[in-house]
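A quick write-up on the structure given underneath.
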Amino acid sequence: MVPDYLTGVKEGGFYGWPFAYYGQHPDPRMKDQQRPDLVGKSIVPDVSLESHTASLGLLFYNRQAFPPKYHNGAFIAQHGSWNRKELSGYKVVFIPFTNGKPSGPVEDFLTGFKVEGSTDSEVRGRPVDVALLADGSMLVTDDVSNTIWRVSANK
């Protein structure tokens, strides 16, 4: 029902839980405890991610080894769904930033962890977290293959 999302946090901001989701959409599970005053204050997230991606690891790229389009943007490890007929997530995505704000659509960055159209038994990996090394390369942890992948740019 609700997409995963990335958003800036504003001091004193209200993001809906548990009365609303993704902005000012009342949560039907709270029908016996409605709070229209709070629903009306709910802030819409900055960037929508696909539902059930289990977006876990986040890092802002502050190095120079990757091409300039990745500088200062956000990388997110998407662990993936496990209870959907059509799987979602199972990749690392990138969100470009300009002047500290999201400035473009979500882009696939590292894929291949699932076979397209596959069932959960055909998943090759599930990214959990992302981290930077001093040389600007990125580490991606994967708890299916029990592997830490190193991603670097070709010179």
### For S51, distant residues with modelled amide H under 5 Å away
D4
### Task
Sum -39500 (n - 2.57) across every DSSP H segment of at least 4 residues in the chain, then divide by the residue count to get the 222 nm mean residue ellipticity, nearest 500.
-500 deg cm²/dmol
### Message
If you only keep lysine pairs separated by 8 or more in sequence, or across chains, how many in the chain come under 21 Å at the Cα atoms?
### Response
8
### Query
How high is the relative contact order of segment 78-149, given as a whole-number percent (alpha carbon pairs under 8 Å, six or more residues apart)?
24
### Task
Rank these for me by crowding, V92, V128, going from fewest to most other beta carbons within 10 Å.
V128, V92
### Query
Dipole magnitude of the chain about its Cα centre, charges +1 at Lys/Arg Cβ and -1 at Asp/Glu Cβ only, in debye to the nearest 20?
220
### Task
Subtract the Cα-Cα distance of K69 and T147 from 0.36 nm times their separation in residues, and report this length gain in nm to one decimal.
25.4 nm
### Query
Can you sort H79, H25 so the residue with the fewest Cβ neighbours within 10 Å comes first?
H25, H79
#### Entry: Karplus (6.51, -1.76, 1.60) ³J(HN,Hα), θ = phi - 60°, over segment 109-114, in Hz, Gly and Pro reported as x
10, 10, 10, x, 7, 10
### Query
Of (i) 1.03; (ii) 0.94; (iii) 0.99, which is the value of Rg/Rh (Cα atoms, Kirkwood Rh) derived from the coordinates here?
(i)
### Summary
Relative contact order as a percentage, the chain, C-alpha pairs under 8 Å and 6+ apart, gives 17
### Query
Over segment 1-45, what number does the Rg to Rh ratio reach, with both radii from the alpha-carbon atoms and Rh per Kirkwood?
0.96
### Query
Which peptide among 39-52, 11-24 comes first, and what is the full order, when sorted by highest mean count of other Cβ atoms within 10 Å?
39-52, 11-24
#### Entry: FRET E, pair E86, D135, Förster distance 30 Å, beta-carbon r, rounded to 0.05
0.20
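We did not get these values from a lab; they are worked out from the coordinates using the rules stated. Note that the structure is predicted; figures quoted are calculated from it, not measured. Methodologically, a virtual Cβ is constructed for each residue, glycine included, from the backbone with ideal geometry; neighbour enumeration extends over all protein chains shown.
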